[in-house]
Structures are given as C-alpha cells and as structure tokens.
Amino acid sequence: METDADFLHAYDVPGELSDAYDELLRRQAGLGKEFPVQSNASPNTQAGSSQRKTQPPRDRCDFKAAIICALPLEFDAIRSLFDSTWLEKHHHYGKLKGDTNHYINGRIGDLDVVVLLLSSMGKVSAATAAASLKCSYTELEVVFLAGICGGIPEVRSPNGGKREVLLGDVIVSSNMVQYDVGRRYQDDFVAKQPMHTGRKLINNFLVHLKTDVFSNDLMGRSAEVLQQIQRSNPKCQYLGSANDRLFEPTYQHQIDTSVLCTCFTSPSLMCRRCRSISCDEAGCDEKFLIPRCRIKEKMLLEEQGNISEAQKPLIFLGRYGSGDTVLKSSRDRDGLADRLGIEAFEMESAGLWEDLPCIVVKGVCDYADSHKNKKWQDFAAATSASVVKALLERYIITDQ
C-alpha cells in the first residue's frame, strides 16, 4: 500500500525549497479570552494560551489572512474553525465606504482572519467581492478560497502513473485555467492558457507540499481538525465508502427500463425528471460502477470500526478549471482534464486569481458527471476547512 505522501504532487509551482520548515511547524491553536470575544476553542485548545498572542488586532491592517466561501455550507464549516470571534460591536473594524461585503473577523490558531461569504456563485460575484476586500483589508498576504469542487476520478502522479481521487479528498491549487474563456474557431475551441501571475510568496509556500515531511504532517493535522469540526457540526459526518460511487463515463444517469422516457429510448439524452432525482430513485445500474482500490481499503477500515482512518482525506496539489458552469458531464470532464491538465472544477477562482494572493482549497463532493448529487457537500466542505486550518497554522506571516 502506498504511503499518504505518494498522493501529494505538484505541477506548475515555481520556487525553491527553503530551510524554514521548522518554523512552519511552530504554530499551535490556542487563545485566551481576556478581551470581549466570542470563543469557540475547546478546553484542550485553550490550554497554554497564556503563551500565545491574546490581544485582538488594532485595525484592519493587522489582518494578514482571509477566507472566501461561495456557499453557506462552506461558510459554516469555516466558521466552526474560529478559536475566537472579534465581535464588531466591541472592536469596530468597519470597512471602506462603498464596500458592500459583509465580514466576520476572528482568530484561527495564531492568525487573525477575515471571512467573507459571497452573495452568489461564479467568477463575477467573486471578482466584485475581491475588489472591495483588497481595498478594505490592504495588508492581506494570503487568501484562501475554501469549499467544494467537482473532481477528476484519476489524477497524474509524480512518477507518471495515475492516482485515485475519492469524495472528500482535497485539491490545493497549483494554478488555474479558465476553461470557458478562449478562442472559438469553426472546428475547435482553444481555452485561455493557465494563469501564472506574480505569486512568489504563495508559490514558495506551496512548494513545501512536494516534501514528504510537510505533506504527511499536513494530512495528519487536517485529519485531527476534521474530527473537531464533526463534533461541532453533525451535518459533516462521513457517509461511508459504500456511498462513494463512480460510474463508467459512458453510463448516463437514467431512469430504469421499467419507465419509458427519453432516457430509455435514447440513452445519450437525459430527461428533465431524471436530472432532478437521485441514482437510487432513478435506478442507476450498479453493474456499471468502477471498482477502486482505495474504496476497498476504506471498506476494510470501516469493518474494523476505524472510521477516523477511513474518512481521512488525501490532499492533492494540482490545476483547477474555473468557469461559470456547473459541470455534469463525464465526457466534457474527461476531455477538459486531458486537454488542459485540470484536476478539479469550481466556479470562483477566476474572479480572484489575478487580484489576490489566492490559494484554492476545496473538497471533492462529486465527480462532475451526470450522477452528481449533493450528499457529500457538507463532508467535503469540512475536509476543505480542515486543510485550510492546517495550512494557516503553517503559514509564516511577515514581520510588521
């Protein structure tokens, strides 16, 4: 069986490895409550807080990190990470005139963070919010786009092979391509090239994911945080490997043959009714399920009662495809993945990438095919949030 580190890989991440890894591990969660704050930290987390920074930030310039979410369920998962919340009625951080965003300020570990929930999905909403965010919070060094994404079932590995991606695994962005922006020719569409902007600070941080010591530590810590999130939010529970189902790419989500409809008379089409019901309701045939080694490993762990190990997500570093489309087509998914090297699909990063020091950290909630459903969204949001916190604890903020 491969080690966890075998599943972490990086593409298109410039930069050299530094000697700062020991310093990256210095952060531990833990806060005091000497100031008017709302605290969510557990007693274990608060132990030893006297040795940590306890004062709230003086003003918006003291905030170095931000987290952006597009969906309420993504926001809920991130909000559960807060060790303390800096209540506006006490601290009055405010925002610039004309800024229509609504911010929540707090602390995760040693870092003061501002969290923003977008008014809607998509890159236009993200770009609008980003413009206001960087004007009101001028000293941000890292911005996490957290939440859920559609995943490619298999991704490239450093040795040239393939690695399985399961629901709940987390994709961290190496770079991003807008797959719906490009040039339309009579017989072809050529997408815009992947974005490579001036992101030296971010890239020099992400390059550590190439190292076994950093990646193993990150996965271990994120697994601990995931359990903390689940204790406070029952919706984020692991659904079990039996519910992680990947159908063959050519097998459409369709109503069984006992009901005559477009799905039956023309398998390449899908009727409106079928689009709105689950695989169980539609009667999708399980003989078309793709067997996967990692599913078998998880089933064995579940039989042994080791749920904490079975639910442990793997973390992949790879390229995101961003577009204003909810992708529900295995044919398009695989075509874009092969042509553009995409490993996950989402809808907001294109609106942030060139204006903010952005890292996309999203959990895989579906396989971007016709069998897509919302069952795994809460769990995937929780795995994303757990990796965000683990990364924040290891991010070195520059001196004032």
At ILE307 and ARG58, where each label point lies 7 Å from the Cα along Cα→Cβ, what is the point-to-point distance in nanometres? 4.8 nm
Return the FRET efficiency for the residue pair MET299, ASP180: r is the Cβ-Cβ distance, R0 is 41 Å, and the value is rounded to the nearest 0.05. 0.65
Please arrange MET347, MET176, MET121 by how many other C-beta atoms lie within 10 Å of their C-beta, fewest to most. MET121, MET347, MET176
Which peptide among 59-70, 96-107, 289-300 comes first, and what is the full order, when sorted by highest mean count of other Cβ atoms within 10 Å? 59-70, 96-107, 289-300
With a cut-off of 8 Å between alpha carbons and a minimum separation of six or more residues, what is the relative contact order of region 303-367 in percent? 33 percent
For a quick check: sort SER308, SER174 by the number of other beta carbons within 10 angstrom, fewest at the front. SER308, SER174
Distance between modelled label sites at GLU248 and SER119, nm, 7 Å Cα→Cβ extension: 4.7 nm
When region 56-158 is reduced to its Cα atoms, the Kirkwood hydrodynamic radius in Å: 14.6 Å
Which Rg and Dmax, in Å, describe the Cα atoms of region 123-247? 18.4, 54
Taking Cα atoms of region 345-400, Rg/Rh with Kirkwood Rh, to two decimals? 1.07
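Taken together, the values in this text are just the output of simple stated rules run on the coordinates, not laboratory data. Note that this is a predicted model, so its numbers are computed, not measured. Cβ sites come from the backbone with ideal geometry, for glycine too, and all protein chains shown count toward neighbours.
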